[in-house]
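Since the structure comes first, as structure tokens, the remarks are kept for the end.
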Amino acid sequence: MRGGGTSIGDSYSKNISQVFTWGTLLKDWIAEVKLYRKENIESIGCPRYDFYISKDKNHTSGRLGIMSTFTGITTFDNRNVFQLLDQGRGLGGVYYGKKGGYEDFFWTSAAFARLYLEFLDVWCLDLKMPINFRSYTLENFNDIKYFNQKYKPHLELDDGTPFPKWLQDRGGNIFCYSSSIIESIMSGVPYISVQGIIEDRLEFHLPRKELADIRGEMYNYTYKPQSIEELVELAKKAYMGNLPLKVSPDSSAKLKKLLSDYYGYPKEEPSSWILAKRIDALIRDKKKNNQSFNLSRFKDYARSCYNVSQHLKPKMFKTLNDYHLMPWDKKDRMFAEQHFNTLEGITKS
């Protein structure tokens, strides 16, 4: 998406008749730089969040969750540490500050892991309270098993439950940073970020102004304890079902606008349903005008995707599976089918 306007010509638009975005912010930007005509762009919301469209925000107490972000020190393929450092060069403003290096990412992962160990020592060993641990997709699950070995029977690992189901079964969730913070707000599950406990040192390695995705404004809407003791007290409230959202869209006009601008939330209809209707209309219009689709490029594209997946599959099948890149993934399909009646009911109400 370089340049815009006349420098692009029709290279983007000549083969595409309709463009869909999550929120209005991206829609307006695409129109502003003249990638597509404004009348061909529509904000439909994010289908990922259709699972949270239900207004039922009642969550089971006694089910505390914790999510890790340790990819700096544990990777799904046990990648060589020097390879990580080499490949991580030049990513300032993505994984670390613009003037930093990949070693900042190492430090951050190690610091978060140490905080988790300190918290779990109290929660599981001293208080003997249960917790469900969900590791990040790109982490090595065999490494994460250490937590289960040390803290069982009070700590349970989860690496297979579809995330919407896992989250909706929680009374609260402890995390480092994650895009799932959006789901927490939408589903009414309070999130507790451990960033505040190491804020002074963390700011050096992950400057807030430069890393909005993992340190930005959205994290102001989570609980940010300043010590392990405060973290434990918040976890107790979440475990008892007595911890509300830090801030809800209903109580904050600023948060409500942020969710609308970036994610098109809320929508009266599921985004997937809106998208399906638009695609159906485009196909019907093609048939009505006796036009056929040019499938030759699609076939080439599908063949390329298949070749890439076959190359990667032996090395990172678990990752491909967890990211659900395969549309025929049985686990995802079964989970979606469980929610079909709910979504269908919303579309007919």
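Values quoted throughout were computed directly from the atomic coordinates according to the rules given, and no laboratory measurement underlies them. Computed from a predicted structure; not experimentally measured. Neighbour counts run over all protein chains shown; Cβ positions are idealised from the backbone, glycine included.
At what distance in angstrom do the alpha carbon centres of the range 153-173 and the range 94-144 lie from each other?
The two parts, judged by their Cα centres, are 16 Å apart.
Between the range 223-241 and the range 253-272, what is the separation of their alpha carbon centroids in Å?
What the calculation gives is 29 Å, centre to centre.
Relative contact order for the range 64-263: what percent, with Cα pairs under 8 Å and sequence separation of 6 or more? Display every interim value, and only then the final one.
On the way: 287 pairs, mean separation 48.9, N = 200.
Relative CO of the range 64-263 lands at 24 percent.
Measure up LYS128/LYS236; LYS128/LYS150; LYS152/LYS246; LYS38/LYS254; LYS34/LYS277 against 21 Å on the Cα-Cα distance and list the ones that go over. Could the numbers behind the result be given before it?
Values: LYS128/LYS236 12 Å; LYS128/LYS150 12 Å; LYS152/LYS246 30 Å; LYS38/LYS254 26 Å; LYS34/LYS277 26 Å.
Over 21 Å Cα-Cα: LYS152/LYS246; LYS38/LYS254; LYS34/LYS277.
Can you find, among LEU245, ASN140, PRO225, the residue sitting farthest towards the positive end of the charge dipole of the range 64-263, where Lys and Arg contribute +1 and Asp and Glu -1 at Cβ?
Result: LEU245, furthest along the dipole toward the positive end.
For a quick protection proxy, order the peptides 188-197, 205-214 by their average other-Cβ count within 10 Å, most packed first. Intermediate results must be reported in sequence, preceding the final value.
On the way: 188-197: 22.4, 205-214: 16.0.
Ranked by mean Cβ neighbours within 10 Å, highest first: 188-197, 205-214.
Taking Cα pairs under 8 Å and at least six residues apart, what relative contact order does the range 98-208 come out at, in percent? Each step should come with its number before you reach the end.
Numbers: 83 pairs, mean separation 27.7, N = 111.
Value for the range 98-208: 25 percent.
Relative to the Cα centre, what is the charge dipole magnitude of the range 64-263, using +1 at the beta carbon of each Lys and Arg, -1 at the beta carbon of each Asp and Glu, and rounding to the nearest 20 debye? Each step should come with its number before you reach the end.
On the way: 23 positive and 25 negative charges, 59 e Å.
Using Cβ point charges on Lys, Arg, Asp and Glu, the range 64-263 gives about 280 debye.
Please compare each pair in LYS27/LYS99; LYS99/LYS256; LYS224/LYS256 to a cut-off of 29 Å on the Cα-Cα distance and tell me which ones are over it. If you can, show how the numbers build up before the last one.
Working: LYS27/LYS99 32 Å; LYS99/LYS256 34 Å; LYS224/LYS256 20 Å.
Pairs exceeding the cut-off: LYS27/LYS99; LYS99/LYS256.
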